[in-house]
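Colleague: Before we start, here is the structure in question, set down as structure tokens.
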């Protein structure tokens with residue numbers, strides 16, 4: 001019994017630590033532009049938040065379902081162009097421009113439906129190849145469609161904010177997007193929808209045989225992911241004030257997302273956030289260093305990091321660190337009952353084994 | 001009495017190979033039916049056709065008064081047919097309990113907003129899932145990752161999560177294959193228990209002792225068609241069956 005109570009209090013302590021950590025992170029995130037008011041610094045913050053949103057949106061679909069999409073730039077660029085075109089067409093300027101964000105989200109969702117219906121019919125490598133194909137189709141359209149202005153691209157509607165306020169305001173907008181996306185990803189994880197996505201990741205056919213409507217579940221996640229990516233793409237467009245086909249639909253964009261997710265810990269929301277927070281400011285900083293001018297060196301470095309992660313830390317920082325911590329904590333003590341070690345439960349005969357029911361009423365396992 | 005599950009003249013070929021060549025079988029409601037035959041006789045293919053994992057080239061699948069031919073796996077499951085696989089297929093990176101919930105949650109719609117989002121909204125399903133894990137004897141592993149279970153335990157988990165949705169008919173593909181004798185007895189016990197409570201079974205199995213002891217009727221498949229069907233005693237001595245499949249093995253009983 002005391003065993004039980006102790007377990008209970010550790011759970012509460014863990015929860016308190018988590019909540020405390022979350023509050024602390026939120027406080028740091030909110031205070032950041034107040035402490036560092038220099039636009040050159042806040043610029044790092046804006047891009048970090050943009051990429052936290054992008055990678056979390058990618059996680060909602062790819063992290064849960066196991067379908068690695070490298071066509072997220074389709075949504076990012078389309079979001080930027082949708083915002084530019086709508087603002088130009090309806091003559092929207094100033095802060096009213098932000099009222100177009102829901103419209104941009106709808107455009108992203110609308111693109112995700114046919115994209116998903118085609119791409120999600122196939123799996124694994126074929127799926128990846130099809131997402132790449134979609135990416136190039138959209139980039140070509142951005143070059144050639146009449147309303148996208150070809151290589152010169154589009155300029156964002158004018159915002160009358162002072163240089164300092166400009167960055168700070170965008171920081172908070174991007175932070176709000178990031179927080180909302182993390183919250184959505186977290187809710188999905190708790191929902192049966194999230195469980196079904198992860199079941200699809202492990203064995204899609206088996207999941208279908210247990211009643212999971214796989215196509216509907218995958219498509220829903222893809223649409224949510226696409227809508228969010230389009231919205232944050234348009235925020236990026238308003239922030240950088242312009243978009244060209246090769247920046248909106250950037251081939252490196254998706255590689256960066258995948259790298260961020262894998263570096264932090266593939267399949268984890270925390271992994272997505274951590275990966276974005278490390279890589280995005282890192283590459284931005286490298287690009288500002290004169291000796292790395294042209295940015296090509298930062299790209300080479302990205303590739304090198306990718307190799308190192310895949311070779312030495314294939315599961316990413318958070319799972320690896322978690323494992324290390326558990327090993328430190330349980331050193332000298334027997335590990336938690338390994339499922340495979342104690343033989344079969346049937347050894348007790350036809351009577352069902354004594355019901356231990358650890359955690360049948362508490363928090364479920366697998367909450368990561 | 002009409003059959004609960006019936007296939008009629010199922011044909012299915014892969015390339016030039018006729019996996020099924022006019023397979024007609026019947027499973028009566030409330031029975032444990034066996035399906036035996038040499039390797040490559042089409043047993044698993046027939047399972048795949050019934051459960052929507054393969055499309056038949058010809059023929060029909062009937063379930064009660066419904067036609068299930070070409071229905072998708074999730075439709076077949078919703079109609080009340082659950083199955084296991086010869087090589088167990090579990091969700092390795094979900095916990096044992098989560099494995100159970102995947103099946104449970106496709107059954108009912110959550111009743112309120114809390115149920116959509118909160119884990120505790122599924123209290124009823126979780127309780128039911130735990131009862132079933134207890135029933136097959138792996139409840140103490142509820143919170144371990146399913147991937148760390150032993151092969152036999154995976155078989156039990158598969159049986160348990162098929163039961164979650166309370167299907168009318170359960171198709172088991174080699175439930176005793178590669179499992180130790182004690183566990184085989186447990187599995188047989190559980191099947192009898194469920195059958196006494198009205199569940200209908202169709203079992204593919206190579207372990208003759210298991211099949212003969214458990215099944216009320218046995219159908220023999222050979223080269224993609226049913227060559228004989230009847231109670232174990234008849235099948236045991238049927239000339240065609242001995243020729244087609246059992247040979248002298250059964251009389252000598254190598255065990």
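Colleague: Mind checking which residues of region B:86-96 are surrounded by fewer than 24 Cβ atoms within 10 Å (Cβ to Cβ) and facing chain A (nearest Cβ under 7 Å)?
Modeller: Listed by number, the residues that qualify are B:89, B:92, B:93, B:94, B:95.
Colleague: If you don't mind, there's one more thing I want to ask. Taking only region B:177-192 into account, find how many residues are more than 9 Å from chain A (Cβ to nearest Cβ), surrounded by fewer than 16 Cβ atoms within 10 Å (Cβ to Cβ) and at pLDDT 85 or above.
Modeller: Count: 2.
Colleague: Could you count how many residues in region B:130-171 are more than 19 Å from the chain's Cα centre (by Cα), more than 7 Å from chain A (Cβ to nearest Cβ), touching a residue at least 24 places away in the same chain (Cβ under 8 Å) and not in a strand (DSSP E or B)?
Modeller: 2
Colleague: Let me ask something else about it. Can you pull out the residues in region B:48-83 that are part of a strand (DSSP E or B) and free of Cβ contacts under 8 Å to residues at least 24 places away in the same chain?
Modeller: B:66, B:67
Colleague: For region A:99-212, which fully contained helices (runs of 4 or more DSSP H) count at least 3 residues that are within 14 Å of another protein chain (Cβ to nearest Cβ) and surrounded by 18 or more Cβ atoms within 10 Å (Cβ to Cβ)?
Modeller: A:163-190, A:192-209
Colleague: Here's another thing I want to ask about it. Give me the helices (runs of 4 or more DSSP H) completely within region A:260-368, filtered to those with at least 2 residues that are modelled with pLDDT under 80, ordered by residue number.
Modeller: Passing ranges, in order: A:269-288, A:296-312.
Colleague: When you scan region B:177-240 for helices (runs of 4 or more DSSP H) that lie fully inside it, which ones turn up with 1 or more residues that are in contact with a strand residue (DSSP E or B) (Cβ under 8 Å, 6 or more places away or on another chain) and within 21 Å of residue B:42 (Cβ to Cβ)?
Modeller: The helices (runs of 4 or more DSSP H) meeting that bar are B:208-214, B:232-237.
Colleague: What's the number of the condition residue A:247 fails, among (1) part of a helix (DSSP H, G or I); (2) closer than 30 Å to residue B:159 by Cα?
Modeller: (2)
The values are calculated or read from the model by the stated rules, or taken from the named source; none is laboratory data. Keep in mind that what you see is a predicted model, and the values were worked out from it rather than measured. Cβ atoms come from the backbone with ideal geometry, glycine included; neighbour counts cover every protein chain shown.
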